[in-house]
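This report refers to the structure that appears directly beneath it.
The values are calculated or read from the model by the stated rules, or taken from the named source; none is laboratory data. Keep in mind that what you see is a predicted model, and the values were worked out from it rather than measured. FYI the Cβ positions are ideal-geometry reconstructions off the backbone, even for glycines, and counts take in every protein chain you see. Remember, those area values only see protein heavy atoms, side chains included, never the ligands or the DNA or RNA. Shrake-Rupley method; radii C 1.70, N 1.55, O 1.52, S 1.80 Å.
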Amino acid sequence: MKEQYLDNLARLAVESGVSVKPGEEVMVRTTVHAAPLARRVAKYAYERGAKRVYVEYRDDALEALDFEYQSTDTLTHKPQFIYDGVNYFAENGGCYIAIISENPDALKHADPAKLTASRTADMKGKKTYYQYAMSNKVKWTIIAYPEREWAKKVFPDLGEDEAYDKLGEYIAKTTRADCADPVAEWKRHAQKLHSRCEKLNAAKIRSFRYKNSLGTDVTVGMPEGYVFAGGSEECNGEPFNANMPSEEVFSAPDCRNINGTVKASMPLSYSGKIIDGISLKLKDGKIVEYDAKTNRDVLKGIIETDEGAKSFGEIALVPFDSPISNLGTLFYETLFDENASCHFAIGKAYPTCVKGGDAMTEAQMKEVGLNESDVHVDFMVGTRDLQITAETADGKTIKVFENGNFTKDFD
Ligand code: ZN
Ligand code: ZN
């Protein structure tokens, strides 16, 4: 990756991502592949006055060995110290930076049952962290760095070095790290996303109806006082950008009121497995039928995690003509693919997606229809011909998306 891009990415993570303040602690979680960026991030964080930067490295090749040799029981009962670090930084006002850099097929041969058991155990082990992150009580961000196997998968027709360089270019382009002043560029971008949120919030929408030629035809109810968020969010009055890139505005549906058929428009890369051709049927907010063309078992594992994994916790709107989507490239990585497409998430809702949600008890969240689960898995549904209309509180039907993009009223 070009020096300039590396510098800009590090600056973006530290400044636009979590806006590190003097005296703060920073945790960076990544893989061994991303060491050059992790070191650069640490340097910028220290230069901005961070008092401690703690980098925790994973290795996807070692992880594949864990799945090969460890029993399901061992994978389900990992020692708590594995999770203590991330929970500590959340509880003590730290900043959290994740750098994605791994082979999307690393766990291709792993037993799906082991995978689900292990991921569920991880979600439980890190529950404290997730509670902080999903209610904006910790500043967090996710960025990416190229990895060779990943690059080969994204650009199968290129030579290894060429593919690796091109993935670096694309990461820089989609995160705006190729701009002269990427931090200023992110401010402008966040304003655009904020203005879309304001329009959606002002429209007092009761439900959305999605339709396209792929076969999606679904009505998604919205809770009273729903809030669309996107662009930068705030943690104790300080802005942070949770995903870089990010093109989405998102909210939470009323998880008791989703009816119809949903067809995924892209393969979903989930924990080292690729689930293609997802098809779901929902009735009164519950997934009553599901299928997939590849790795149906993995999808089954996700849906059977708990009651909440049978419903949706996120509704996200992304124009088909987003900068990522216009590259016409499938990244096999949700951070990029979800920002190329409208998506839903199976599982947990962000409490901040309804007014006052971050102060609600679990019972109150249930009352307004916010979904609760140990999982949160985004999958993509946007297409070039996606139409979305909305019913408003005063009984009008309005157009929100036409031919895959926001109508003028909401752009
Ligand atoms: Zn999303
Ligand atoms: Zn999501």
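Calculate what fraction, in whole %, of the accessible area of the range 12-92 sits on carbon and sulfur atoms when a 1.4 Å probe is rolled over the protein chains.
Of all accessible area on the range 12-92, carbon and sulfur atoms account for 54 percent.
For K78, project a label point 7 Å along Cα to C-beta. Then give me every residue of the range 120-160 with its amide nitrogen under 12 Å of that point.
Answer for the range 120-160: 120-127.
Can you list residues whose amide H is under 5 Å from K139's amide H, if they're 5+ apart or on another chain and H is modeled 1.01 Å from N?
Placed amide hydrogens put Y96 under 5 Å from K139.
Among H376, G357, S118, which residue has its Cα furthest toward the positive end of the charge dipole of the chain, with +1 on Lys/Arg Cβ and -1 on Asp/Glu Cβ?
G357
Can you give the net charge of the other residues whose Cβ lies under 12 Å from the Cβ of K366, counting K and R as +1 and D and E as -1?
Net of charged neighbours comes to -4.
Enumerate the amide H contacts of E56 below 5 Å, restricted to partners 5 or more residues apart or on another chain; note that Pro and chain-start residues carry no placed amide H.
Distant-sequence amide H within range of E56: V28, R29, T30.
If you take the alpha carbon radius of gyration of the range 296-389 and divide it by 2.2 N^0.38 Å, what ratio comes out, to two decimals?
After normalising by residue count via 2.2 N^0.38 Å, the value is 1.21.
In whole percent, what relative contact order does the chain give with Cα contacts below 8 Å and a gap of six or more residues? List each step's numbers first, then the result.
Values: 932 pairs, mean separation 62.8, N = 411.
Normalised by residue count, the contact order of the chain is 15 percent.
Could you do me a favour and compute the accessible area per residue for the chain, 1.4 Å probe, result in Å²?
On the way: 17150 Å² over 411 residues.
Counting only protein heavy atoms, the per-residue value for the chain is 42 Å².
Starting from the amide H of A242, placed 1.01 Å from N in the peptide plane, find each other amide H under 5 Å away whose residue is 5 or more places distant or on another chain.
E233
Grab every C-alpha pair in the range 77-193, bin the distances at 5 angstrom width from 0 up to the longest one, and report whole percents.
Whole-percent P(r) values from 0 Å outward: 2, 10, 13, 14, 16, 16, 16, 9, 3, 0.
Considering the options S322, A190, P146, tell which one lies farthest towards the positive end of the dipole of the chain, charges being +1 on Lys and Arg and -1 on Asp and Glu at the Cβ, about the Cα centre.
Final value for the positive-end residue is A190.
With a 10 Å cut-off between alpha carbons and a GNM built on the chain, which of K396, K114, K273 moves the most?
K396
Work out the FRET efficiency for K108 and T397 from their Cβ-Cβ distance, taking R0 = 60 Å, and round it to the nearest 0.05.
0.85
State, to one decimal in nm², a quarter of the convex hull surface area for the C-alpha atoms of the range 216-270, i.e. the direction-averaged projected area.
5.7 nm²
Through the Karplus equation 6.51 cos²θ - 1.76 cosθ + 1.60, θ set to phi - 60°, convert the phi angles of the range 319-332 into ³J(HN,Hα) values in whole Hz; use x for Gly and Pro.
Coupling constants for the range 319-332: x, 4, 8, 7, x, 6, 4, 5, 6, x, 10, 8, 8, 6 Hz.
If contacts are Cα pairs under 8 angstrom and at least 6 residues apart, what is the relative contact order of the range 305-411 in percent? Mind dumping the intermediate values first?
Details: 198 pairs, mean separation 31.3, N = 107.
Relative contact order here is 29 percent.
Using a simple spin-label model with points 7 Å from Cα along the Cα→Cβ vector, what separation in nm is obtained for D217 and E362?
Reported label-point gap for D217 and E362 is 3.9 nm.
Using unit Cβ charges (K, R positive; D, E negative) and no other charged atoms, how large, in debye to the nearest 20, is the dipole of the range 84-227 about its Cα centre?
For this selection, approximately 1000 debye.
Quote the charge dipole size of the chain about the Cα centre in Debye, to the nearest 20; the model charges only the Cβ of Lys and Arg (+1) and of Asp and Glu (-1).
740 debye
Which value at 222 nm does the chain reach when only helices count, each DSSP H run of 4 or more adding -39,500 (n - 2.57), with the total divided by all residues and rounded to the nearest 500 deg cm²/dmol?
-9500 deg cm²/dmol
Can you list the HN-Hα couplings for the range 151-160, worked out from phi with the Karplus curve (6.51, -1.76, 1.60; θ = phi - 60°), rounded to whole Hz and with x for Gly and Pro?
With coefficients 6.51, -1.76 and 1.60, one gets 4, 5, 6, 6, 10, x, 8, 9, x, 4 Hz.
Let me understand the range 133-265 better: what is its radius of gyration from the alpha carbons, and its Dmax, in angstrom?
18.5, 52
With +1 on each Lys and Arg Cβ and -1 on each Asp and Glu Cβ, and nothing else charged, work out how big the dipole of the range 163-206 is about its Cα centre, in Debye to the nearest 20.
Using Cβ point charges on Lys, Arg, Asp and Glu, the range 163-206 gives about 500 debye.
Of the listed peptides 311-323, 38-50, what is their order by residue-averaged count of other C-beta atoms within 10 Å, with the highest listed first?
My ranking of the peptides, most packed first, is 311-323, 38-50.
For the pair K124 and L62, what calculated FRET efficiency results from E = 1/(1 + (r/R0)^6), where r is the Cβ-Cβ distance and R0 = 22 Å, to the nearest 0.05?
Computed FRET efficiency for L62 and K124: 0.50.
Relative contact order for the range 224-295: what is it in percent, counting Cα pairs under 8 Å that are at least 6 residues apart? Walk me through the numbers before you get to the answer.
Working: 109 pairs, mean separation 16.6, N = 72.
That works out to 23 percent.
As an exercise, find the ratio Rg/Rh for the chain from alpha-carbon atoms, using the Kirkwood inverse-distance average for Rh.
A ratio of 0.94.
Applying the Karplus parametrisation 6.51 cos²θ - 1.76 cosθ + 1.60 with θ = phi - 60° to the phi angles of the range 13-23, what ³J(HN,Hα) value in whole Hz is obtained for each residue in order, glycine and proline being reported as x?
Per residue, the Karplus-derived 3J(HN,Hα) values read 4, 6, 8, 6, x, 10, 5, 4, 10, x, x Hz.
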